[in-house]
Structures are given as C-alpha cells and as structure tokens.
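These notes are about the structure you will find just below.
The values are calculated or read from the model by the stated rules, or taken from the named source; none is laboratory data. Computed from a predicted structure; not experimentally measured. In this analysis, Cβ positions are derived from the backbone assuming ideal geometry, glycine residues included, and neighbour counts consider all displayed protein chains. Note: areas computed on protein heavy atoms with side chains; ligands, DNA, RNA excluded. Shrake-Rupley method; radii C 1.70, N 1.55, O 1.52, S 1.80 Å.
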Amino acid sequence: MNDFNSLFPQFLGRCLELKTVVTPIAFLLLTGGLIATVLTTHRSGSAHFRLFGRVLLLTVFIVFLPTWGNWVVSAVDDTVKNVLKADPSKIFDQYNAALEMKKAAVGERHWWEKIMDWRAAPMEWVLTAFFYYLGWIASALMWWAYILQSAILFMGYALSPIFIGFLAFPVVQNVGRRYLLHLVGVMVWPLGWGLAGLITDGMIGFMTDRSFLSSGQFAGNEGYSLQNFMGVAFLGVWIIFTTIAAPIFIQRAIQNGDSAAAGLLSGAFGAARAGLATAASTFASGMMGKGGAGMAQAGVASVASAAEAVMGAGLSSGGSLIGSLAQIRAYQEPAATQRRPGGRFPRNDPTGDKTVEALLRRTRNPYSQG
C-alpha cells in the first residue's frame, strides 16, 4: 500500500507553509515571556542565565521538533516490529511458526499420537485460513492508523511553535505541556500494538499447546479442538479491537498517566465476551459434522461470532467493540468537568454565588436555614 506522502503529496508542503507563518508568533511569545519574567521577578545572575538558556532551548525545539518527532516515530515503529516482533498483520505467520515449533518439539511419536494429529489437521487448516484473513483485516486497519498518525503529526508540527511559545508564560505553560504530550502520545502509537502483542503471543502459545493430543486419550482431539476454538474466539476480537484501540490507550497513558494495559484488557473483555460465550456451542456444532466439513462449519461460526461481537451486536455498550471505543472519550474527560445529573445551579443563581454562600453559612451554623 502507498504511504501518506504518495497519497497526499501536497499535504506536507502546506503544513510547512503554516509552520512558517506561525513561527514568528512563537518568537514573539518567547521574547515577551522572557521580558515579562525579567521585569516582574527579582532573580540572581545565575537564574537569569538559566532563563536565557531555557528560551534558547525552546527556540531550538521549535526548529527541530519535526525532525526529532519523525526520528522517534521511526525508532518506535522499528523497535515494535523488529525487536518486540509485535505486528497484528503477521498473526498468520506467528501461528504457523508456533505450530511448527510445537510439532517439532514433540519428537518421536507413537502410532496413536499420529492418528490424533491427523484428526486435528483439518481444524488447524481452518484456523490457518482464519488467521490469514484476520491478518489481512489487521493490515488494513494498521494502514489507516499510520495514515491518521501522519496527518495528526504533520498538522501538530505546523501549529507546535505557538504552543512551544506558551511555555515561556507560567499562566499557559500547562497548555503547552499538554499539547506536546499529545504529540508524543501520537508518536508512540505502535507501542500499543507491542503491548497487545504480549497477550497475542500468550494466546497463540495456548492454542498450539498439544498436550491433549499427546495424552493418548481418545477425547484428546476434542479437548484440543475446544482449546483452539476458545482461543480463536478471543483472538478474533482481540486482534481487531487492539489494532484500533491500542494506539488510543497508549496515547492516554502518555498524556494522563493511565494504565494502558488495564484499559486494553477491560475494553477487550467487554468486546470479546460475546465471542467467548459462543465458543462451546461452536465446538459442539463442529463435532456434529464429519471431518473437514464439520471443522469448516465450526470455523465459520467462530468467525461469525467474533464479527458479531466486534460490530456491536450486543445490546449493552460493554459487549461490543463500538461501545468500548465510545467510552474512551468519556474516560479522557477529567472527573471535575463531567456533567452530573442535578449538578446545575438554580435559575435564580446561574453563577452559583448564592448557593456557595448558603453552603458556607450552613457549615458555620448547622441549624441555619440558609
């Protein structure tokens, strides 16, 4: 697929033009903040020297922020893909590699173990096809995520001089810090996929565990099938959910200090609940068929249940991906700014002055009538 610059060749140039327009405003803000700080405060010579050094550092930051930001984006993306080996679009390769490794680890097998392995083969073929299409969907979602990341960063770089200039004034320093933290959170979006990849690796290891087949029991194949259908019902939702939501949760972690892992697990649990609930019935329908046809029927049913959970078939918001993502915005709002039922002041006291005054009187004198 094409990258952002090839799809929108003029976008970066227009963003650079906007940055050129707002950069003089940033220098005026830095100069004004420097003058105001020097005139309104009594500092030593070393303190003034540090102040001048800070202004110089902010000036360098204005010039080199796009270059440094692009380097961070490349480094994070390379680390996640090549070091952590976390890539939702490679779920097909991960499953096949883990399956071959588990098969090779078994070594010499008895004749009944080979029979059990042959009975499990049709189900593994269905799972391989499922992961192939799941990886294709994840690849498309990641492509859109990278396009969105580039657009947000380019526009963010264009306006960044103004917010860096805010850092020179104590009154609006927090605004500038939040803006820069937002940009940093967008830069490290792929870290969310790296975090989600830890769960994906663990679930693939669970699905490819062939302990049931090597037990030598007749029901070993059924246990192995149930184990795999439980895993695929979870991964069908987990991969799609985390491919979309993991960047958002890692950005919230950078901005607000929230736990990205807790957010991912709680959000995905609600989305995956419907898929996991149908794993047992899917397994039973697969067992009623014969050979590969029965396994294929079970595989299609498992995919359908996962898709149903993702598309929001559940009546409550906690049971679907859409509902879980809809709650992200509510979580981002500070608790103090969220509107509560009955929290408005009376019509005759729109500013709340009278209400606060009455509350203070009742605090001093509990028997007062307000």
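Observations on the structure shown:
- Rounded to the nearest Hz, the phi-derived 3J(HN,Hα) couplings of the stretch 233-240 under the Karplus curve 6.51 cos²θ - 1.76 cosθ + 1.60 (θ = phi - 60°) are 5, 6, 5, x, 8, 4, 4, 5, where x marks glycine and proline.
- Along the axis of the charge dipole computed for the stretch 8-81 (Cβ charges of +1 for Lys and Arg, -1 for Asp and Glu, origin at the Cα centre), the listed residues Ile35, Gly69, Val21 are led at the positive end by Ile35.
- Residues in the stretch 11-26 carry Karplus couplings, in order, of 5, 4, x, 5, 5, 5, 5, 5, 4, 5, 6, 8, 4, x, 5, 5 Hz; the curve used is 6.51 cos²θ - 1.76 cosθ + 1.60 with θ = phi - 60°, and Gly or Pro positions show x.
- A cut-off of 5 Å between modelled amide H atoms, ignoring neighbours fewer than 5 places along the same chain, links Asp87 with no other residue.
- Ligands, DNA and RNA left out, the 1.4 Å accessible surface of the stretch 125-173 is 83% carbon and sulfur atoms.
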